[in-house]
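Heads up, the thing below is written out as structure tokens.
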Amino acid sequence: MGAGGVIFGIGDGGFGVGGEVFYGQNSFSDFDGAKTTPYGIMAIADCAFGSEGKLRPYVFGGAGLMVHRFSFEEFSESNSAFGYQVGAGLSFPIGLFVEGRYMGSSSTGEGEDSGSTTFFAAMAGWAFSL
């Protein structure tokens, strides 16, 4: 899974709002060639604790559009729905971060096709100020 976004700080309290795009892909071990691909765009809000320039824990949440595509051989189906995420992480003074996020989407169909998408993603990356 990969994500990119922008956060705008609000005041001096460690709060921020912004947006991000994300894309992920996972293969199924039971079906050779089958894969699921969630992607989308979300508005996010976060809150960091502690002083800048030090190890800082943070929490965040977001809401927006999640598309979930499933493909296997010649079959491919996509569903779009309201998506959400919550997570927490640690940012390091040199700009690196590690975080975990729980993501999901609302019901995406009717009858046998109804259901929701939920997953946990562990991510690491680099953040910088402009």
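The values are calculated or read from the model by the stated rules, or taken from the named source; none is laboratory data. Since the model is a prediction, treat every value here as computed from it, not as a measurement. Here the Cβ is made from the backbone with ideal geometry for all residues, glycine too, and neighbour counts use every protein chain on show.
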Considering only segment 41-76, how many residues are among the charged types (D, E, K, R) and out of contact with any strand residue (DSSP E or B) (no Cβ under 8 Å at 6 or more places or on another chain)?
4
Options GLY24, GLY2, GLY18; residue that is of a type in the set (Gly, Ala, Ser) and either more than 22 Å from the chain's Cα centre (by Cα) or closer than 18 Å to SER80 by Cα (or both):
GLY24
Checked segment 1-31 for anything assigned to a strand (DSSP E or B) and among the hydroxyl-bearing types (Ser, Thr, Tyr); matches are TYR23, SER27
Looking for something closer than 22 Å to VAL6 by Cβ, touching a residue at least 12 places away in the same chain (Cβ under 8 Å) and of a type in the set (A, V, I, L, M) - is there at least one such residue anywhere in segment 25-37?
no
Go through segment 66-81 residue by residue and tally those that are loosely packed, with under 14 Cβ neighbours inside 10 Å and in a strand (DSSP E or B).
5
If I filter segment 113-129 for residues that are closer than 19 Å to GLY50 by Cα, modelled with pLDDT under 85 and among the aromatic types (Phe, Trp, Tyr), do I get at least one hit?
yes
Specify the residue that is surrounded by the most Cβ atoms within 10 Å (Cβ to Cβ); the eligible residues are those in segment 1-53 that are out of contact with any Lys or Arg (no Cβ under 9 Å at 6 or more places or on another chain) and closer than 20 Å to GLU73 by Cα.
GLY24
